[in-house]
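Inspection log for the structure reproduced underneath, given as C-alpha coordinates.
The values are calculated or read from the model by the stated rules, or taken from the named source; none is laboratory data. Source: prediction; values computed, not measured. All Cβ positions, even for glycine, are placed from backbone atoms using ideal geometry, and neighbour counts span all protein chains on display.
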Amino acid sequence: MASFDVRTLRKDFPILKSEVHGKPLIYLDNAATTQKPMSVIDCLVTYYSRQNANIHRGVHHLSEVATKAYESARVKIQRFLNAADLKEIIFTRGATESINLVAQSFVRPGLQPGDEVVITHLEHHSNIVPWQMLRDEKGLVLKVAPIDDHGDVILEELEKLITPRTKLVSVTHVSNALGTINPVKKIMAMARAKGAKVLLDGAQAVPHLAVDVRDLDCDFYAFSGHKIYGPTGIGVLYGKQALLESMPPYQGGGDMILSVTFEKTKYNHLPYKFEAGTPHIEGVIGLGAAIDYVTKIGLDAIAAHEHEVLEHGTRVLQSIPGLRLIGTAREKTGVLSFELEGVHPHDIGTILDQQGIAIRTGHHCAQPVMDRFGVPATARASLALYNTKEEMDALADGLKKVAEVFRS
(Lines give C-alpha, C1' and ligand atoms only; values in the text may rest on other atoms or scores of the structure.)
Protein backbone atom coordinates (compact mmCIF):
# COMPACT_ATOMS: atom_id res chain seq x y z
CA MET A 1 0.00 0.00 0.00
CA ALA A 2 1.45 3.36 -1.07
CA SER A 3 0.39 5.26 2.07
CA PHE A 4 -1.25 4.43 5.35
CA ASP A 5 -4.81 5.75 5.32
CA VAL A 6 -6.42 4.69 8.58
CA ARG A 7 -9.89 5.88 7.58
CA THR A 8 -9.84 3.74 4.45
CA LEU A 9 -8.48 0.75 6.36
CA ARG A 10 -11.19 1.03 9.01
CA LYS A 11 -13.77 0.29 6.32
CA ASP A 12 -12.25 -3.19 6.02
CA PHE A 13 -13.51 -4.06 9.53
CA PRO A 14 -17.31 -4.36 9.59
CA ILE A 15 -17.54 -4.49 13.38
CA LEU A 16 -16.14 -0.96 13.63
CA LYS A 17 -19.44 0.31 12.21
CA SER A 18 -21.21 -1.05 15.31
CA GLU A 19 -22.79 0.92 18.12
CA VAL A 20 -22.59 -0.01 21.80
CA HIS A 21 -25.20 1.45 24.15
CA GLY A 22 -26.13 3.85 21.36
CA LYS A 23 -22.56 5.12 20.94
CA PRO A 24 -20.10 4.38 18.11
CA LEU A 25 -17.82 1.52 19.09
CA ILE A 26 -14.28 2.51 20.08
CA TYR A 27 -12.44 -0.79 20.34
CA LEU A 28 -9.30 -0.61 22.49
CA ASP A 29 -8.95 -4.22 23.61
CA ASN A 30 -6.66 -5.45 20.86
CA ALA A 31 -4.08 -7.08 23.11
CA ALA A 32 -6.87 -9.49 24.10
CA THR A 33 -8.02 -10.08 20.53
CA THR A 34 -8.10 -8.07 17.33
CA GLN A 35 -11.07 -7.49 15.07
CA LYS A 36 -11.19 -9.22 11.69
CA PRO A 37 -11.08 -7.60 8.25
CA MET A 38 -13.69 -8.60 5.69
CA SER A 39 -11.06 -10.46 3.69
CA VAL A 40 -10.56 -12.88 6.60
CA ILE A 41 -14.30 -13.23 7.20
CA ASP A 42 -14.90 -13.88 3.48
CA CYS A 43 -12.14 -16.49 3.50
CA LEU A 44 -13.85 -18.41 6.31
CA VAL A 45 -17.23 -18.24 4.57
CA THR A 46 -15.68 -19.43 1.31
CA TYR A 47 -14.06 -22.39 3.03
CA TYR A 48 -17.29 -23.57 4.66
CA SER A 49 -19.51 -22.85 1.66
CA ARG A 50 -17.23 -24.15 -1.12
CA GLN A 51 -14.21 -26.07 0.20
CA ASN A 52 -15.15 -27.87 3.41
CA ALA A 53 -13.43 -31.26 3.61
CA ASN A 54 -10.81 -32.98 5.71
CA ILE A 55 -7.26 -32.56 4.49
CA HIS A 56 -4.20 -34.63 3.56
CA ARG A 57 -5.86 -38.06 3.44
CA GLY A 58 -8.56 -37.53 0.84
CA VAL A 59 -8.23 -38.16 -2.89
CA HIS A 60 -11.48 -36.44 -3.84
CA HIS A 61 -11.59 -32.92 -5.25
CA LEU A 62 -12.78 -31.03 -2.15
CA SER A 63 -10.11 -32.62 0.02
CA GLU A 64 -7.45 -31.66 -2.49
CA VAL A 65 -8.74 -28.06 -2.61
CA ALA A 66 -8.85 -27.78 1.18
CA THR A 67 -5.38 -29.33 1.53
CA LYS A 68 -3.93 -26.88 -0.98
CA ALA A 69 -5.48 -23.90 0.85
CA TYR A 70 -4.25 -25.22 4.21
CA GLU A 71 -0.69 -25.84 3.08
CA SER A 72 -0.50 -22.57 1.15
CA ALA A 73 -1.10 -20.81 4.47
CA ARG A 74 1.97 -22.56 5.87
CA VAL A 75 3.99 -21.10 2.99
CA LYS A 76 2.69 -17.61 3.81
CA ILE A 77 3.67 -17.97 7.45
CA GLN A 78 7.11 -19.31 6.56
CA ARG A 79 7.70 -16.22 4.44
CA PHE A 80 6.14 -13.92 7.06
CA LEU A 81 8.63 -15.14 9.69
CA ASN A 82 11.45 -15.73 7.19
CA ALA A 83 11.81 -19.31 8.41
CA ALA A 84 14.33 -21.41 6.52
CA ASP A 85 11.95 -24.27 5.71
CA LEU A 86 8.26 -25.15 5.68
CA LYS A 87 9.05 -27.99 8.09
CA GLU A 88 9.78 -25.38 10.75
CA ILE A 89 6.17 -24.12 10.86
CA ILE A 90 3.94 -26.09 13.25
CA PHE A 91 0.24 -25.28 13.61
CA THR A 92 -1.14 -25.26 17.17
CA ARG A 93 -4.21 -23.86 18.92
CA GLY A 94 -2.36 -20.71 19.94
CA ALA A 95 0.78 -19.34 21.60
CA THR A 96 -0.20 -21.14 24.80
CA GLU A 97 -0.19 -24.55 23.14
CA SER A 98 3.02 -23.68 21.31
CA ILE A 99 4.79 -22.95 24.61
CA ASN A 100 3.39 -26.13 26.16
CA LEU A 101 4.62 -28.10 23.16
CA VAL A 102 8.16 -26.83 23.80
CA ALA A 103 7.81 -27.60 27.50
CA GLN A 104 6.67 -31.18 26.92
CA SER A 105 8.69 -32.10 23.83
CA PHE A 106 11.92 -30.14 24.26
CA VAL A 107 12.45 -29.40 27.97
CA ARG A 108 10.79 -32.43 29.57
CA PRO A 109 12.67 -35.26 27.79
CA GLY A 110 15.95 -35.86 29.63
CA LEU A 111 15.15 -33.21 32.24
CA GLN A 112 17.19 -33.73 35.41
CA PRO A 113 16.43 -32.20 38.83
CA GLY A 114 18.31 -28.91 38.98
CA ASP A 115 18.05 -28.14 35.25
CA GLU A 116 16.84 -24.59 34.72
CA VAL A 117 14.43 -22.48 32.74
CA VAL A 118 14.86 -18.70 32.93
CA ILE A 119 11.93 -16.33 32.39
CA THR A 120 11.23 -12.69 33.28
CA HIS A 121 8.85 -10.85 35.56
CA LEU A 122 6.97 -9.66 32.44
CA GLU A 123 5.58 -13.01 31.41
CA HIS A 124 2.01 -13.97 30.59
CA HIS A 125 0.73 -16.89 32.66
CA SER A 126 1.14 -19.17 29.63
CA ASN A 127 4.91 -18.65 29.91
CA ILE A 128 4.93 -19.27 33.67
CA VAL A 129 2.56 -22.14 34.46
CA PRO A 130 4.04 -24.79 32.10
CA TRP A 131 7.43 -24.35 33.77
CA GLN A 132 5.90 -24.49 37.25
CA MET A 133 4.27 -27.78 36.30
CA LEU A 134 7.67 -29.21 35.31
CA ARG A 135 9.20 -27.75 38.46
CA ASP A 136 6.66 -29.47 40.68
CA GLU A 137 6.81 -32.80 38.85
CA LYS A 138 10.41 -33.09 37.66
CA GLY A 139 12.49 -30.79 39.87
CA LEU A 140 13.06 -28.07 37.27
CA VAL A 141 14.52 -24.86 38.71
CA LEU A 142 12.54 -21.84 37.52
CA LYS A 143 14.42 -18.55 37.65
CA VAL A 144 12.79 -15.13 37.18
CA ALA A 145 14.62 -12.01 36.02
CA PRO A 146 13.36 -8.79 37.65
CA ILE A 147 12.03 -5.66 35.96
CA ASP A 148 12.56 -2.02 36.90
CA ASP A 149 10.00 0.68 37.65
CA HIS A 150 9.55 1.44 33.95
CA GLY A 151 8.76 -2.18 33.11
CA ASP A 152 12.10 -3.02 31.50
CA VAL A 153 13.90 -6.27 32.23
CA ILE A 154 17.08 -5.66 34.22
CA LEU A 155 19.47 -7.30 31.79
CA GLU A 156 22.43 -7.58 34.17
CA GLU A 157 20.27 -9.59 36.56
CA LEU A 158 18.94 -11.76 33.74
CA GLU A 159 22.46 -12.54 32.60
CA LYS A 160 23.44 -13.66 36.11
CA LEU A 161 20.58 -16.20 36.15
CA ILE A 162 21.72 -18.04 33.01
CA THR A 163 24.12 -20.89 33.77
CA PRO A 164 25.40 -24.02 32.00
CA ARG A 165 22.40 -25.84 33.54
CA THR A 166 19.91 -23.54 31.80
CA LYS A 167 18.04 -25.59 29.21
CA LEU A 168 15.89 -22.73 28.00
CA VAL A 169 15.51 -18.98 28.26
CA SER A 170 11.82 -18.32 27.59
CA VAL A 171 10.84 -14.67 27.34
CA THR A 172 8.10 -12.55 25.90
CA HIS A 173 9.03 -10.47 22.87
CA VAL A 174 6.43 -7.85 23.85
CA SER A 175 4.62 -7.61 27.20
CA ASN A 176 0.85 -7.92 26.97
CA ALA A 177 0.36 -6.02 30.24
CA LEU A 178 2.77 -3.11 29.70
CA GLY A 179 3.71 -3.07 26.00
CA THR A 180 7.44 -3.30 26.78
CA ILE A 181 9.51 -4.49 23.81
CA ASN A 182 12.25 -6.71 25.15
CA PRO A 183 15.77 -6.38 23.68
CA VAL A 184 15.56 -9.95 22.48
CA LYS A 185 18.78 -9.93 20.44
CA LYS A 186 20.75 -8.99 23.56
CA ILE A 187 18.97 -11.71 25.49
CA MET A 188 19.77 -14.16 22.69
CA ALA A 189 23.49 -13.32 22.99
CA MET A 190 23.42 -13.88 26.76
CA ALA A 191 21.76 -17.26 26.34
CA ARG A 192 24.08 -18.36 23.55
CA ALA A 193 27.14 -17.52 25.68
CA LYS A 194 25.99 -20.13 28.22
CA GLY A 195 24.79 -22.68 25.66
CA ALA A 196 21.07 -22.19 26.40
CA LYS A 197 18.27 -22.36 23.84
CA VAL A 198 15.73 -19.53 23.50
CA LEU A 199 11.95 -19.44 23.10
CA LEU A 200 10.27 -16.14 22.28
CA ASP A 201 6.59 -15.62 23.04
CA GLY A 202 5.63 -13.43 20.10
CA ALA A 203 1.87 -13.26 20.62
CA GLN A 204 1.99 -9.49 21.22
CA ALA A 205 4.84 -8.80 18.79
CA VAL A 206 3.71 -10.11 15.41
CA PRO A 207 0.76 -7.68 15.00
CA HIS A 208 3.05 -4.70 15.58
CA LEU A 209 6.62 -5.58 14.54
CA ALA A 210 8.28 -7.23 11.59
CA VAL A 211 9.69 -10.54 12.86
CA ASP A 212 12.57 -12.34 11.16
CA VAL A 213 13.37 -15.54 13.04
CA ARG A 214 16.61 -16.09 11.16
CA ASP A 215 17.83 -12.60 12.00
CA LEU A 216 16.81 -13.09 15.63
CA ASP A 217 18.38 -16.58 15.56
CA CYS A 218 15.87 -17.78 18.15
CA ASP A 219 15.33 -21.51 18.56
CA PHE A 220 11.55 -21.27 18.97
CA TYR A 221 8.98 -18.55 18.27
CA ALA A 222 5.30 -18.76 19.28
CA PHE A 223 2.30 -16.65 18.31
CA SER A 224 -1.51 -16.69 18.08
CA GLY A 225 -3.66 -15.97 15.03
CA HIS A 226 -6.36 -13.96 16.79
CA LYS A 227 -3.87 -11.29 17.88
CA ILE A 228 -3.02 -10.54 14.24
CA TYR A 229 -6.53 -10.17 12.75
CA GLY A 230 -6.99 -13.91 12.22
CA PRO A 231 -9.37 -16.46 13.75
CA THR A 232 -9.27 -17.68 17.33
CA GLY A 233 -8.07 -21.18 18.16
CA ILE A 234 -5.12 -21.16 15.78
CA GLY A 235 -1.47 -20.52 16.50
CA VAL A 236 2.03 -21.18 15.25
CA LEU A 237 5.21 -22.60 16.67
CA TYR A 238 8.37 -21.93 14.70
CA GLY A 239 11.27 -24.15 15.63
CA LYS A 240 14.66 -24.76 14.11
CA GLN A 241 14.44 -27.90 12.02
CA ALA A 242 17.26 -29.79 13.77
CA LEU A 243 15.64 -29.22 17.16
CA LEU A 244 12.18 -30.24 15.97
CA GLU A 245 13.60 -33.39 14.40
CA SER A 246 15.12 -34.37 17.74
CA MET A 247 11.93 -33.79 19.74
CA PRO A 248 9.29 -36.47 20.34
CA PRO A 249 5.63 -35.64 19.67
CA TYR A 250 3.57 -34.95 22.76
CA GLN A 251 0.18 -35.74 21.24
CA GLY A 252 -0.66 -38.97 19.46
CA GLY A 253 -3.34 -39.65 16.87
CA GLY A 254 -4.12 -39.45 13.21
CA ASP A 255 -1.93 -37.68 10.65
CA MET A 256 1.11 -37.54 12.94
CA ILE A 257 1.98 -41.12 11.99
CA LEU A 258 3.41 -42.96 8.99
CA SER A 259 2.37 -46.40 10.18
CA VAL A 260 0.73 -47.99 13.23
CA THR A 261 0.63 -51.56 14.50
CA PHE A 262 -0.18 -52.74 18.00
CA GLU A 263 3.53 -53.32 18.47
CA LYS A 264 5.00 -50.12 17.07
CA THR A 265 4.19 -46.69 15.62
CA LYS A 266 6.39 -44.81 13.16
CA TYR A 267 5.92 -41.06 13.42
CA ASN A 268 5.34 -38.76 10.48
CA HIS A 269 7.88 -36.31 9.12
CA LEU A 270 7.96 -32.64 10.07
CA PRO A 271 5.83 -30.64 10.43
CA TYR A 272 3.07 -33.25 10.68
CA LYS A 273 4.72 -35.10 13.58
CA PHE A 274 3.38 -32.34 15.86
CA GLU A 275 -0.06 -31.93 14.25
CA ALA A 276 -2.14 -34.81 15.58
CA GLY A 277 -5.77 -35.21 14.53
CA THR A 278 -7.97 -33.12 12.30
CA PRO A 279 -6.57 -29.59 12.56
CA HIS A 280 -8.33 -26.24 12.74
CA ILE A 281 -8.45 -26.14 8.94
CA GLU A 282 -10.48 -22.96 8.52
CA GLY A 283 -8.39 -21.29 11.23
CA VAL A 284 -5.19 -21.97 9.33
CA ILE A 285 -6.69 -20.72 6.06
CA GLY A 286 -8.09 -17.64 7.84
CA LEU A 287 -4.71 -16.95 9.42
CA GLY A 288 -3.18 -17.09 5.95
CA ALA A 289 -5.67 -14.44 4.83
CA ALA A 290 -4.79 -12.29 7.85
CA ILE A 291 -1.08 -12.58 7.03
CA ASP A 292 -1.88 -11.48 3.47
CA TYR A 293 -3.77 -8.48 4.85
CA VAL A 294 -1.03 -7.15 7.13
CA THR A 295 1.69 -7.95 4.60
CA LYS A 296 -0.08 -5.87 1.96
CA ILE A 297 -0.28 -2.88 4.31
CA GLY A 298 3.26 -3.40 5.62
CA LEU A 299 4.25 -3.93 9.23
CA ASP A 300 6.61 -0.95 9.16
CA ALA A 301 3.69 1.29 8.15
CA ILE A 302 1.46 -0.27 10.81
CA ALA A 303 4.15 0.22 13.47
CA ALA A 304 4.68 3.86 12.52
CA HIS A 305 0.95 4.62 12.68
CA GLU A 306 0.46 2.83 15.99
CA HIS A 307 3.46 4.64 17.47
CA GLU A 308 1.94 8.02 16.59
CA VAL A 309 -1.36 7.03 18.19
CA LEU A 310 0.46 5.67 21.25
CA GLU A 311 2.46 8.86 21.72
CA HIS A 312 -0.70 10.97 21.42
CA GLY A 313 -2.59 8.69 23.80
CA THR A 314 0.26 8.83 26.32
CA ARG A 315 0.18 12.64 26.29
CA VAL A 316 -3.57 12.99 26.70
CA LEU A 317 -3.80 10.36 29.44
CA GLN A 318 -0.90 11.86 31.38
CA SER A 319 -2.79 15.16 31.44
CA ILE A 320 -5.62 13.62 33.50
CA PRO A 321 -5.30 14.38 37.23
CA GLY A 322 -4.95 11.26 39.35
CA LEU A 323 -4.09 8.97 36.42
CA ARG A 324 -0.91 6.90 36.70
CA LEU A 325 0.51 5.08 33.69
CA ILE A 326 2.01 1.72 34.58
CA GLY A 327 4.67 0.59 32.13
CA THR A 328 6.71 3.45 30.73
CA ALA A 329 9.48 1.62 28.91
CA ARG A 330 11.20 3.65 26.22
CA GLU A 331 10.69 0.86 23.68
CA LYS A 332 7.05 -0.26 23.72
CA THR A 333 4.11 -1.07 21.51
CA GLY A 334 0.57 0.27 21.72
CA VAL A 335 -0.41 -0.62 25.28
CA LEU A 336 -1.55 1.94 27.85
CA SER A 337 -2.00 0.36 31.28
CA PHE A 338 -3.11 2.73 33.99
CA GLU A 339 -4.89 3.28 37.26
CA LEU A 340 -7.12 6.21 38.23
CA GLU A 341 -6.91 7.39 41.79
CA GLY A 342 -9.88 6.30 43.88
CA VAL A 343 -11.52 4.23 41.11
CA HIS A 344 -11.35 0.45 40.75
CA PRO A 345 -10.29 -0.62 37.24
CA HIS A 346 -13.50 -2.64 36.81
CA ASP A 347 -15.54 0.50 37.48
CA ILE A 348 -13.47 2.36 34.90
CA GLY A 349 -14.19 -0.33 32.32
CA THR A 350 -17.90 -0.44 33.13
CA ILE A 351 -18.41 3.32 32.84
CA LEU A 352 -16.35 3.54 29.63
CA ASP A 353 -18.42 0.72 28.16
CA GLN A 354 -21.52 2.86 28.59
CA GLN A 355 -19.78 5.38 26.33
CA GLY A 356 -19.04 2.73 23.68
CA ILE A 357 -15.37 2.42 24.66
CA ALA A 358 -14.06 -1.14 25.03
CA ILE A 359 -10.96 -1.58 27.19
CA ARG A 360 -9.67 -4.47 29.31
CA THR A 361 -9.56 -4.45 33.10
CA GLY A 362 -7.97 -6.95 35.44
CA HIS A 363 -4.56 -8.60 35.79
CA HIS A 364 -4.31 -9.46 32.05
CA CYS A 365 -3.07 -13.00 32.80
CA ALA A 366 0.07 -11.36 34.21
CA GLN A 367 -0.52 -11.31 37.96
CA PRO A 368 3.19 -11.12 38.83
CA VAL A 369 3.40 -7.87 36.86
CA MET A 370 0.54 -6.45 38.92
CA ASP A 371 2.28 -7.57 42.11
CA ARG A 372 5.51 -5.88 41.00
CA PHE A 373 3.72 -2.53 40.72
CA GLY A 374 1.65 -3.04 43.86
CA VAL A 375 -1.76 -3.00 42.19
CA PRO A 376 -4.46 -5.69 42.05
CA ALA A 377 -5.36 -4.80 38.47
CA THR A 378 -5.06 -2.11 35.82
CA ALA A 379 -7.22 -0.65 33.11
CA ARG A 380 -5.62 -1.31 29.72
CA ALA A 381 -6.20 0.33 26.37
CA SER A 382 -4.39 -1.52 23.58
CA LEU A 383 -4.02 -0.44 19.98
CA ALA A 384 -4.33 -1.93 16.53
CA LEU A 385 -3.81 -0.57 13.04
CA TYR A 386 -7.36 0.83 12.89
CA ASN A 387 -7.19 2.98 16.02
CA THR A 388 -6.90 6.77 15.77
CA LYS A 389 -5.77 9.80 17.72
CA GLU A 390 -9.40 10.88 17.90
CA GLU A 391 -10.19 7.65 19.73
CA MET A 392 -7.44 8.47 22.22
CA ASP A 393 -9.09 11.86 22.78
CA ALA A 394 -12.43 10.10 23.30
CA LEU A 395 -10.80 7.75 25.81
CA ALA A 396 -9.37 10.71 27.72
CA ASP A 397 -12.75 12.46 27.74
CA GLY A 398 -14.36 9.24 28.95
CA LEU A 399 -11.86 8.92 31.78
CA LYS A 400 -12.54 12.49 32.85
CA LYS A 401 -16.23 11.56 33.10
CA VAL A 402 -15.28 8.53 35.18
CA ALA A 403 -13.34 10.77 37.54
CA GLU A 404 -16.31 13.17 37.78
CA VAL A 405 -18.65 10.32 38.74
CA PHE A 406 -16.40 9.32 41.63
CA ARG A 407 -15.79 12.89 42.78
CA SER A 408 -19.47 13.75 42.97
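Before moving on, here are some points about what is shown:
- Within the stretch 105-132, the residues that satisfy the criterion of being under 20 Å from the mean Cα position of the chain (by Cα), in contact (Cβ under 8 Å) with a residue 40 or more places away in the chain and surrounded by 17 or more Cβ atoms within 10 Å (Cβ to Cβ) are V118, I119, T120, H121, L122, E123, H124, S126, N127, I128.
- Top-ranked residue of the stretch 53-64 - restricted to ones that are outside any helix (DSSP H, G or I) and exposed (fewer than 14 other Cβ atoms within 10 Å of the Cβ), ranked as modelled with the lowest pLDDT: R57
- Selection count, the stretch 242-293, where residues are within 24 Å of Y229 (Cα to Cα), surrounded by fewer than 19 Cβ atoms within 10 Å (Cβ to Cβ) and touching a Leu at 6+ places or on another chain (Cβ under 7 Å): 0
- Of G349, G398, all but one fail to be at pLDDT 95 or above and under 30 Å from P146 (Cα atoms); the exception is G349.
- Qualifying residue in the stretch 86-94 (condition: without any contact (Cβ under 8 Å) to a residue 12 or more places away in the chain and either surrounded by fewer than 17 Cβ atoms within 10 Å (Cβ to Cβ) or not in a loop (DSSP other than H, G, I, E, B) (or both)): no
- Qualifying positions in the stretch 205-218 - more than 21 Å from L310 (Cβ to Cβ) and surrounded by fewer than 24 Cβ atoms within 10 Å (Cβ to Cβ): D212, V213, R214, D215, L216, D217
- Conditions (1) closer than 16 Å to I77 by Cα; (2) out of contact with any Ser or Thr (no Cβ under 8 Å at 6 or more places or on another chain); (3) hydrophobic (A, V, I, L, M, F, W, C): number failed by F262: (1)
- The stretch 34-52, subset hydroxyl-bearing (S, T, Y) and surrounded by 17 or more Cβ atoms within 10 Å (Cβ to Cβ), residue nearest to H226 (Cα to Cα): T34
- In the stretch 159-188, the qualifying residues are those that are of a type in the set (A, V, I, L, M, F, W, C) and over 23 Å from the mean Cα position of the chain (by Cα), and the one that is surrounded by the fewest Cβ atoms within 10 Å (Cβ to Cβ) is L161.
- The listed residues are T180, T166, T172, and the only one of them that is more than 23 Å from R380 (Cβ to Cβ) and either hydroxyl-bearing (S, T, Y) or assigned by TED's automatic domain parsing to the domain that holds M370 (or both) turns out to be T166.
- Hey, I357 under 26 Å from K11 (Cα atoms) and outside the structural domain of L122 (by TED's automatic domain parsing) or not: yes
- Filter pass, K296 being at pLDDT 95 or above, among the basic types (K, R) and under 24 Å from P249 (Cβ atoms): no
- Residue check for I147: touching a residue at least 40 places away in the same chain (Cβ under 8 Å), in contact with a His (Cβ under 8 Å, 6 or more places away or on another chain) and either loosely packed, with under 15 Cβ neighbours inside 10 Å or not polar (S, T, N, Q) (or both): yes
- Residue count for the stretch 211-264, restricted to those that are polar (S, T, N, Q), part of a loop (DSSP other than H, G, I, E, B) and more than 24 Å from the chain's Cα centre (by Cα): 1
- For the stretch 4-37, the tally of residues that are without any contact (Cβ under 8 Å) to a residue 60 or more places away in the chain, under 24 Å from T295 (Cα atoms) and part of a loop (DSSP other than H, G, I, E, B) stands at 2.
- Leading residue by the ranking (nearest to E404 (Cα to Cα)) among those in the stretch 317-376 that are buried (at least 20 other Cβ atoms within 10 Å of the Cβ) and among the basic types (K, R): R360
- The set of residues in the stretch 284-341 that are charged (D, E, K, R), closer than 28 Å to D148 by Cα and part of a helix (DSSP H, G or I) comprises E306, E308, E311, R315.
- The stretch 189-204 - residue that is under 17 Å from the mean Cα position of the chain (by Cα) and within 16 Å of L155 (Cβ to Cβ) and, of those, surrounded by the fewest Cβ atoms within 10 Å (Cβ to Cβ): V198
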